[in-house]
């Protein structure tokens, strides 16, 4: 597909589906780079930032948010036709987001029992990542995306090379930064070893376990980690399931953990009775 | 307000924006005026509901703090704050005074980034006739650069305290998972001091902008505290005498579902009509608690009364609060001594925990029912924009006579500008469609 003219700046769009706007805000949060970025890109559609509108065609389209209502199905297919490169940004677009926790519910029963007027219902049974619907050329993970990774991607787009996005577990980041392992040192459950880094190991650096917001690494042994959590801590099966029932819960293998162990009100495991948690220090999980 | 068929020969004008820009989230505006009379005024909210009040059911308090942040990428701290205070109030947790100060500091960071974003990137282009701050930068590069420096100072402050500016990770029931060292905060002081000077310029700049004509008597609601400008603490007060504990929002207000919207409207139970929350409301109700630097600047503008009656002037209120947040952040850093422990121990207890704090856009109320297992059994979250929605629609009616003699395009722009004056956060307002009632049977 040919768009734009030779030598012209790439025509860029930023659009959203179901999301909190935090990932597109990360573009505006590139305070040091923003005015240079707009010198290299022709931003033709970015409703959060400009009243100038365009329906494309786009050389690069950044898509935030998950496919979550019937109108989204058509819209993403149409947008895909109008862009050369489609980049998904953030956990909603790449994994379905926190709103994908509803995917474990029986939506038909849910919808029928919940709404007095089902004709007003605008949501789909499931919140799904963009790649479930159209081809995606590149993705930035995270809830939210990392500004450093965003700059790397933008630079790669300008220079026409592949972005160099690190493909390692959060654990590697902790080792490099000399962060004492929160699991070994304090017994805090941490998803670092099964989670893609990119964040800079923020949670362990701030004294807590990784909650998986950059999503699972390929071939992550989540089941093994779950068995470990259950064996060494004073935790119920559902406590372990809840560790995986976060912002990328719908990505495998986290998805299987939630299905098998519980963790959302809708998944298996609901109803287990246990002692009320206490907090402070290292007692919480 | 919905009209019927247009009678033959009537002069009907429709002002419509099907997708509002330079606001957070997806909304629309519609104003129909027939023979000089408003027959429809609506702020539509068509953003997809994400069911947060359902998602948090079954989760622990600390998990809820992480989850509700995701309601809004611009004001995640507001959500973390209302939630953490609601739980701590229920559990009877007494936090360290240094932790309390750090929470105010964190909130300062959010007000700084959010207000700088709104004033310069979202709202100022309206006053100066640009489609965006990017377009504005072509003519006013230095101004936009200064705005970005202030925004960065706020975001960086959040990063020091919480690891990242969007969805920071450190807020926990009982305190923080980690507190900063003195020198980490001191290293950021010069950037905040520079931004304070830029914020003072911002007050003068916004006060010099041409304000469209607009006047109404508002009913305003905010927190008010005897010793400080309202952030995390205080009592819910109004311009007509309400005075409630921050947990008791539900005694005076309630939500109702409006058909055309994916959000719920909040309204006062006393039937005294719509009310306004946000920077203008806070300035009206708590100007005497502003940092002296901010208070003096507000006096210098002479616009306190205009801020009360003209919604367009809320950009000046936001600038005054930007000064306040920067000045207070510097004071907190200067006085900072790390707490003995970042977090105090706590024990869950069943019951209802509720609290309101002041998000950049206004009063944000959370209410959680916690069960015997220490899990959330039910949740209610009332963001500022759903409280302002009725006031926005009322103000469209107020604004109508001022715009109908303008050319269509200009009139529409003026109405959009008015909507932006509220800094509506539509993602925030949309997580509703309350599923609770029907599910119980």
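The values are calculated or read from the model by the stated rules, or taken from the named source; none is laboratory data. Everything quoted here is computed from the prediction, not taken from an experiment. Every residue, glycine as well, gets a Cβ built from its backbone with ideal geometry; the counts of neighbours run over all protein chains shown.
On the stretch given as region B:4-34, residues that are assigned to a strand (DSSP E or B) and within 14 Å of another protein chain (Cβ to nearest Cβ) total 5.
Only a single criterion out of (1) at pLDDT below 90; (2) assigned to a strand (DSSP E or B) is not satisfied by residue B:352, namely (1). Would you pick out the residues in region B:35-52 that are part of a loop (DSSP other than H, G, I, E, B), touching a helix residue (DSSP H, G or I) at 6+ places or on another chain (Cβ under 8 Å) and more than 13 Å from every other protein chain (Cβ to nearest Cβ)? If the condition is that a residue be part of a loop (DSSP other than H, G, I, E, B), touching a helix residue (DSSP H, G or I) at 6+ places or on another chain (Cβ under 8 Å) and more than 13 Å from every other protein chain (Cβ to nearest Cβ), then B:36 is the only one that fits. When B:67, B:55 are checked against the criterion of being at pLDDT below 95, within 8 Å of chain A (Cβ to nearest Cβ), in contact with a helix residue (DSSP H, G or I) (Cβ under 9 Å, 6 or more places away or on another chain) and over 13 Å from residue B:158 (Cβ atoms), B:55 stands alone in meeting it.
At least 3 residues being surrounded by fewer than 24 Cβ atoms within 10 Å (Cβ to Cβ) and within 11 Å of chain A (Cβ to nearest Cβ) is the threshold, and among the helices (runs of 4 or more DSSP H) wholly inside region B:73-168 those reaching it are B:133-139, B:141-162.
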